[in-house]
1. Considering only protein heavy atoms, with the full assembly of protein chains and a 1.4 angstrom probe, order 183, 209 by accessible area, largest first.
2. May I ask for the percentage of alpha-carbon pairs in the stretch 27-162 that lie more than 27 Å from each other?
3. What distance in nm lies between label points placed 7 Å from Cα along the C-beta direction at residue 66 and residue 122?
4. What three numbers, in Å, describe the spread of the alpha carbons of the stretch 15-96 along their principal axes, ordered from the longest?
5. Over all directions, average the projected area of the Cα convex hull of the chain and note it in nm².
6. Give me the accessible area per residue for the stretch 41-192, probe 1.4 Å, as a whole number in Å².
7. Looking only at 35, 18, 141, which one moves most when the chain is put into a Gaussian network model with springs between Cα atoms under 10 Å?
8. Can you give the calculated 222 nm mean residue ellipticity of the chain, where each DSSP H run of n ≥ 4 adds -39,500 (n - 2.57) and the sum is split over every residue, rounded to the nearest 500 deg cm²/dmol?
Amino acid sequence: MSGQAPAKKPEISIVLPVYNERDNLSELIKELHSVIQGLKYNTEIVLVNDGSNDGSLGEMQRLRDMYRDLNIRIICLDKNHGLTAALAAGFEWARGDWVVSLDADLQNDPADIPKLLSKLGEYDVVIGCRMKRQDNFVRRVSSRIANSVRNRATRETVTDVGCTLKAYKQEYLAKLRLYNGLHRFLPTLLKLEGARVAEVQVNHRLRLHGKSKYNISNRLWAGINDLFAVRWMQKRQIKYTSKEL
Ligand code: UDP
Ligand code: MG
């Protein structure tokens, strides 16, 4: 996909990782449309197709033609690479000064976007914290444990690191080098780059179509190795000032 980017540089890019979300996309774009109309910013939507095989790509193309005023761009990964890669690709292609990420399955609520953006003047990164998780009991408990283990190991206080709904100043994203799994540590990695990070409470909704791609075995334990890597980065961070004489 190339040559589809709107000529005018957007102020805001909305990045959506998509892996087999065909039946969610139309409602998602409809909801984003009404939120964007109220924003009064020049906005683009970056749909990242992470190797979907359920017809999501065709649906994205249909919606791009249907909502021409939304500046929908479609970025395709060569195959399914996972959420970190999909987000990294979206961040790479996003051209806005401010970037918002959210899940494409409608569990995050586009109506929360203005709330996050309103804090981006004061902060560099604003992260959503899902107050009433609409996931099953096992998922809620495992994610609570994972958050607490992660926080303890990395001396953090992030309530809900698994919430994709986040807003960032692009200059901080540009400093990141993401590795598989590190989407779970984005607030910590961004703080290492000097970002001021705030949390805001956001809505969470039931998944109505398609399936969750994560479960207890690929979510909870996968993060344990990553913990050591992130802790290592924190300890070995190089902090210096320098000047040319
Ligand atoms: N996703 C992706 N690549 C993957 C797995 C997930 O782009 O390999 C996307 C997915 O389409 C959704 C978001 O990441 O937009 C979150 O995935 P999911 O809803 O399965 O996670 P959960 O909400 O269950 O934690
Ligand atoms: Mg989901």
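1. I get 209, 183, largest accessible area first.
2. The answer is 28 percent, as a whole percent.
3. Computed distance between label sites residue 66 and residue 122 equals 3.8 nm.
4. Ordered largest first, the stretch 15-96 gives principal extents of 35, 25, 16 Å.
5. The number I arrive at for the chain is 14.3 nm².
6. 42
7. Evaluated over the chain, the most mobile residue of the options is 141.
8. -11000 deg cm²/dmol
The values are calculated or read from the model by the stated rules, or taken from the named source; none is laboratory data. Treat the numbers as computed from the prediction; the structure is a model and nothing was measured. All Cβ positions, even for glycine, are placed from backbone atoms using ideal geometry, and neighbour counts span all protein chains on display. With ligands, DNA and RNA removed, areas are computed over all heavy atoms of the protein, side chains included. Shrake-Rupley method; radii C 1.70, N 1.55, O 1.52, S 1.80 Å.
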